[in-house]
1. In nanometres, what is the gap between the two model label sites at residue 231 and residue 13, each 7 Å from Cα along Cα-to-Cβ?
2. Please arrange 196, 81, 74 by counting, for each residue, the other beta carbons lying within 10 Å of its beta carbon, fewest first.
3. Once fully extended, how much extra length lies between residue 170 and residue 332, figured as 0.36 nm per residue of separation less the alpha-carbon to alpha-carbon distance?
4. Within the stretch 331-352, list the residues whose amide N lies under 11 Å from a label point set 7 Å along Cα→Cβ of residue 240.
5. Per residue of the stretch 256-268, what does 6.51 cos²θ - 1.76 cosθ + 1.60 with θ = phi - 60° give for ³J(HN,Hα)? Whole Hz please, x for Gly and Pro, Karplus curve as stated.
6. Return the long-range amide H neighbours of residue 6 (sequence gap of 5 or more, or a different chain), with a cut-off of under 5 Å between placed amide H atoms.
7. Using the count of nearby Cβ atoms within 10 Å as a rough guide to exposure, how do 237, 246 rank from fewest to most?
8. Search the structure for amide H atoms under 5 Å from the amide H of residue 340, placed 1.01 Å from N in the peptide plane, and list their residues when 5 or more places away or on another chain.
Amino acid sequence: MDGVGITQDAILVGEDFTYRFELSNTQAGTFWGLVPSNRSRCASELSHIHEFRARGHFSDAGEYWNRAMAGLNMSVPRGQMEVIKIDGGSAIAPVTALEIGILYRGERVDVVTSPTDAGSMLITLDAELVTMQNSALTQSRTFQRISPLDIRPSHKNPEEQIPGTTFDLSTARSLQQQTLPPTASQTLLIYTHIKMLAHYDHVSMGYMNRTNRIPQPPALISLPKEEWDEHQLMPEIVGNGGWVDIIVNNLDKDAGHPFHLVQALFYPSQPWTRLSPPHQPRLPSSSWLPNIQSVRPPSEAALMYPEPNLVDPPLKDTVHISRRGYVILRIRADNPGLWFFHCHILWHAGTGMAM
């Protein structure tokens, strides 16, 4: 039910819609409801548990207290984490590390933590979206987790980091090998950008291939394609069962975008780009171009356009595309229908960055 304007109509003001789900005994955790349409709202089951305990009710079901745009690196001091799954159950070759990241909006990981004598967790913000200096904000913070039943002094400094490994999530490998063909049978080329135009009063609007998505009533699934309006970008995949490459270029110079393919999985066959560390020169613009060897010097082309992983790429449903970066997503087109592809920053999707 994640496709307002595509598979269902929006719930209008004053109306209601009842969702009924049956959860198996193997499903547990916090379940998140979101609305990736214009005027988006989202609500997490446990987002305001502190307010509920204090007041006995929720005054706001939004994401006010938990909003975050920066990616996160996480570690448990004097402990270690084993990453076993990503993005809602996709098994990867297990990796044990002291730190994992960068975890961007919409991405998920399943980890197994080992016992540790320190009740704290260190979280490091990715500096990509922290463009302004804030003297009150440090990049790394340690949060104490103290149980009332186990309060004891520690002679160790929780800020001290144990030398060890950092697991870059972009290097994850699938637990099972899935050999992909060298080339896909079809390629879709997408450019995404946020613009502020005069005829929209300089309000930020999201675009994909110069199309600003606005949901069209009734839902597209109930309309012939010739009746879709100019706000609907819907590339057509020819045939059934073939491999399709979706190449997404992020033209924005200020921020990355985490893109999510609803109810479907993809292989990021081309390693998705990360930014240079702060102490190194910024990498040049890395939009995907055909015949790149003839456009850039060989050394630069090898850096910006590495060889794709066609042997054991992980299965994902969300991937972050760095500013001025790109990603190649490969899908098996064996399930015909309409599939929603959108930025997982909800206000970006709500202003049209979707297709």
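1. Computed distance between label sites residue 231 and residue 13 equals 1.7 nm.
2. Starting with the residue having the fewest Cβ neighbours, the order is 196, 74, 81.
3. Full extension of this stretch gives 56.2 nm more.
4. 334-337
5. Once rounded to whole Hz, the list reads x, 9, x, 9, 10, 9, 6, 6, 8, 10, 9, 9, x.
6. So residue 6 has HN proximity to 220.
7. So the ranking, lowest neighbour count to highest, is 237, 246.
8. 262
No value in this document is a laboratory result; all are computed from the given coordinates. From a predicted model like this one, the values you see are computed outputs, not experimental measurements. Every residue, glycine as well, gets a Cβ built from its backbone with ideal geometry; the counts of neighbours run over all protein chains shown.
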